[in-house]
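The structure under discussion appears below in the form of structure tokens.
Each reported figure results from applying straightforward, stated rules to the coordinates on display, with no laboratory input. Everything numeric here is computed off the predicted structure, so don't read it as measured data. A quick note on method: Cβ atoms are made from the backbone with ideal geometry, for glycine too, and the neighbour counts reach across all protein chains shown.
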Ligand code: ADP
């Protein structure tokens with residue numbers, strides 16, 4: 001109860017105003033009494049009552065205080081002192097209520113009436129205060145809720161603004177992305193076209209360069225087989241060697257361009273790994289002798305397998321490395337080696353490479369020499385020649401085979417270039433087919449010369465016509481020539497041939513069209529009107545002849561209906577092996 005009263009008077013005791021209001025309330029409840037109030041802050045309300053002096057009040061006050069002290073702070077709620085009812089509330093130190101007419105001494109029931117009245121007044125005060133507080137609170141709530149609504153409103157507006165801005169931004173972004181994508185697509189198309197043009201240019205260049213090379217290499221080869229003075233032989237050999245070097249260079253440039261244009265594809269076929277390494281050694285034997293080098297070949301005896309891989313490109317790698325080793329070694333030793341590192345199920349892991357005791361490569365140049373057009377230093381070109389393309393191509397080829405090239409070298413002591421490859425073993429069935437072809441090739445002998453074959457050379461270039469005819473003639477094969485596909489058709493109408501050597505790129509009618517035409521005729525009754533085709537058991541053998549040397553070109557020849565494929569410059573051994581095949585077929 002006291003706490004409650006304290007709470008109420010905490011506000012009321014603040015000033016006289018509140019005390020007065022409280023007194024008014026009390027008077028309304030107790031209209032027949034006079035009331036004097038003492039606040040604990042010293043405020044006194046209605047102290048001068050008639051017949052009641054200040055001294056009497058002070059006396060009451062001090063008596064009450066004394067009593068309070070005496071009773072150890074446990075105050076009674078009220079008491080009668082000199083006929084004055086005193087109600088004690090802690091915050092409102094005293095409420096003195098003297099009765100107006102006659103004092104009713106010690107009437108405790110009256111005192112408790114006063115006490116109740118005081119509590120009622122206090123409650124009323126508290127109630128009013130509460131009402132005011134409630135009003136204030138509800139006003140505050142209103143303000144807060146208005147603020148809240150306003151905040152929500154503002155937030156929503158901001159949200160809408162952000163959403164609108166985001167949409168605008170997204171739209172702008174979309175437009176920008178679309179613009180950039182379009183630009184990129186156009187740039188890409190331009191690049192693709194440039195790359196296409198570059199590839200076409202390279203293909204044409206390949207044709208244009210190889211055609212004269214074909215003539216130079218072919219004729220210098222033929223020239224070497226004729227009666228010549230020593231001086232003439234010497235010059236012819238120089239021409240032959242220079243043109244072979246030039247062909248290597250042309251091939252290198254073409255290879256590199258193809259690799260860089262992503263147009264280079266490996267041709268995976270079964271091959272004899274051991275035979276390949278041996279053939280590379282054999283190829284360089286005479287070159288090694290020229291510089292007093294000892295060239296040898298060390299192949300792990302366990303490596304007898306037929307493997308699957310791109311034999312030609314593997315040969316190209318080994319040829320590049322062996323060529324370099326011999327170039328940079330004098331009176332030394334060069335070893336072409338192949339070690340078996342691991343055999344797992346149907347795969348083998350091989351470490352292959354070339355070791356030499358040549359000039360070596362300084363450590364600081366060992367990385368750079370794999371970059372294209374890079375040599376150890378400027379003097380290399382002057383002393384040894386070369387273009388700096390070989391190792392770049394070699395390392396890219398190894399890379400395409402999922403291998404990695406490594407170099408160990410000590411200046412003045414020598415170098416070892418090696419690479420590790422994982423190759424699959426060729427399934428037996430695949431190898432039987434490959435072996436058959438090998439055997440046909442292996443049985444090349446003078447037998448091809450015994451009986452005369454008749455060939456039709458279809459070629460527009462006069463020099464190449466002559467060269468092909470001469471090469472065939474050297475192999476005891478009679479050759480007629482036709483300048484294009486149309487003339488070829490006319491020729492086979494008139495005369496019987498054992499096979500056709502068919503160039504691809506020709507005016508009027510190209511080699512593919514002519515071949516398709518011949519295959520059509522063979523399937524029709526018209527066949528009998530062609531001297532070359534009439535009464536044939538098997539179809540006419542057509543060998544494609546082209547300066548283009550890619551897998552695609554080869555496939556196009558087969559698609560057109562050709563049976564075999566030769567690239568220019570014609571390699572004598574390949575021509576001879578084809579002639580053997582022709583002869584066997586005729587028999
Ligand atoms: P090229 O031989 O045509 O210059 P390569 O790319 O094959 O081009 O070789 C680049 C350079 O690396 C060579 O010019 C030479 O300086 C160095 N080099 C390559 N192989 C060897 C080697 N076996 N011994 C010493 N130096 C070598």
Spatial separation of Cα centroids for segment 553-582 and segment 461-520, in angstrom: 13
Value in Å of the Kirkwood radius, where segment 466-576 supplies the Cα pairs that are averaged: 14.3
Per residue, the convex hull volume that the Cα atoms of segment 154-258 enclose (Å³): 84
Efficiency of FRET between residue 131 and residue 172 - r from beta-carbon atoms, R0 60 angstrom, step 0.05: 0.50
Cβ crowding within 10 Å averaged over residues, with 122-133, 460-471, 275-286 ranked highest first: 460-471, 275-286, 122-133
Ranked packing of 337-343, 17-23, 174-180, most packed first, by mean Cβ within 10 Å: 17-23, 337-343, 174-180
Stokes-Einstein D (µm²/s) once Rh is taken as the Kirkwood radius of segment 234-377 over alpha-carbon pairs, at 20 °C in 1.002 mPa s: 125
Per-pair calculated FRET efficiency, R0 = 41 Å: residue 192 and residue 341 via Cβ, rounded to 0.05: 0.50
Base-10 log of normalised Debye intensity for segment 295-375 (one unit scatterer per alpha-carbon) at q = 0.24, 0.25 Å⁻¹: -1.22, -1.26
FRET efficiency, 1/(1 + (r/R0)^6) with R0 56 Å, evaluated for residue 231 and residue 312 via beta carbons: 0.90
Residue 387-residue 528 pseudo-label distance in nm [points 7 Å out on the Cα-to-Cβ vector]: 5.7
Shape category assigned to segment 170-223 from the gyration tensor of Cα positions, a/c cut at 1.5: prolate
Cα gyration tensor shape of segment 243-313, rounded if a/c is under 1.5, else prolate or oblate by comparing a/b with b/c: oblate
Share of Cα-Cα pairs in segment 259-299 lying beyond 15 Å, as whole percent: 59
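Relative contact order of segment 191-297, please, whole-number percent, based on alpha carbon pairs below 8 angstrom and at least 6 residues apart. Please report the intermediate quantities before stating the final value.
Working: 37 pairs, mean separation 25.6, N = 107.
After rounding, I find 24 percent.
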Euclidean distance of C-alpha centroids, segment 387-430 and segment 245-268, integer Å: 16
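Work out how much length residue 283 to residue 267 would gain on full extension: take 0.36 nm times their residue separation and subtract the Cα-Cα distance, in nm to one decimal.
3.5 nm
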